[in-house]
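J.: Can you read through this structure? Questions will come right after.
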Amino acid sequence: MRPRFVSRSKVSSIDDTSHHDDRRSDARADVAIWVQERTRDALYFQRASNLSLGGVFLEGTLPHPPGTRVELDLELAHGPLRVAGEVVGRAPGGLGMAVRFVELGADERAVLAACLEQS
C-alpha cells in the first residue's frame, strides 16, 4: 500500500514537560504510513499520523517511557527509511507516542524533506 500524505499541520497537544519547544519547531504533515519500531528487545508494527523533519507521532499504541530509544523503519513514498529515535511524549488519554529523531544524517534528512514537500 502506498503511503498517504494528507496535509501540513501542527501537532496537537502531547503530554510532555520536556522538549516541548523542540518538537514544534518543524512543520508537520498529516500522514498515514506504516512504521516498524524496534526497541532493544521487541519489534512493533505501528501507524504514524504525522511526520516532520524532527520526528513522528505513532498513533493508537501504548507508549514507551520518555527517553526510550527506538529504531524506526518508515514506509515513505520514496521507499523505506531507517532512523533512530527517542520517545519524548504521549498523547492525552495514553494511546500514542511522539518520537524525536536523533542522529539524523544528511541523506535521511533529504529523503524526509522530499516526502514532506510532496504533502
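J.: Amide H to amide H, which residues 5 or more places from Gly89 or on other chains are under 5 Å from it, using H placed in the peptide plane?
T.: Sorted by chain and number, the residues that satisfy this are Ala98.
J.: Need one number: nm distance between label points at Trp34 and Asp107, each 7 Å from Cα along Cα→Cβ, rounded to one decimal.
T.: For the pair Trp34/Asp107, the computed spacing is 2.3 nm.
J.: Give the residue list of trypsin sites (Lys or Arg not before Pro) in the stretch 36-69 that are DSSP loop and have at most 13 other beta-carbon atoms within 10 angstrom. Could the numbers behind the result be given before it?
T.: Working: sites: Arg38, Arg40, Arg47, Arg69; in loops: Arg40.
Here the sparse-neighbourhood loop sites are Arg40.
J.: Using amide H atoms built 1.01 Å from N in the peptide plane, name the residues 5+ places from His64, or on other chains, whose amide H lies under 5 Å from its own.
T.: Long-range HN contacts for His64: none found.
J.: Can you compute 3J(HN,Hα) from phi for each residue in the stretch 94-100, using the Karplus curve 6.51 cos²θ - 1.76 cosθ + 1.60 with θ = phi - 60°, rounded to whole Hz and x for Gly and Pro?
T.: x, 9, x, 8, 8, 10, 8
J.: Roughly speaking, what is the stretch gain from Thr68 to Ala114, that is 0.36 nm per residue apart minus the C-alpha to C-alpha distance, in nm to one decimal? Show your work: numbers first, answer last.
T.: Working: separation 46, 0.36 × 46 = 16.56 nm, distance 2.78 nm.
Result: 13.8 nm gained on full extension.
Readers should treat all values here as calculations from the given coordinates under stated rules, not as data from a laboratory. Bear in mind the structure is a predicted one, so any value in this text is a computation, not a measurement. Cβ coordinates were reconstructed from backbone atoms using ideal geometry, including for glycine residues, and neighbour counts include every protein chain displayed.
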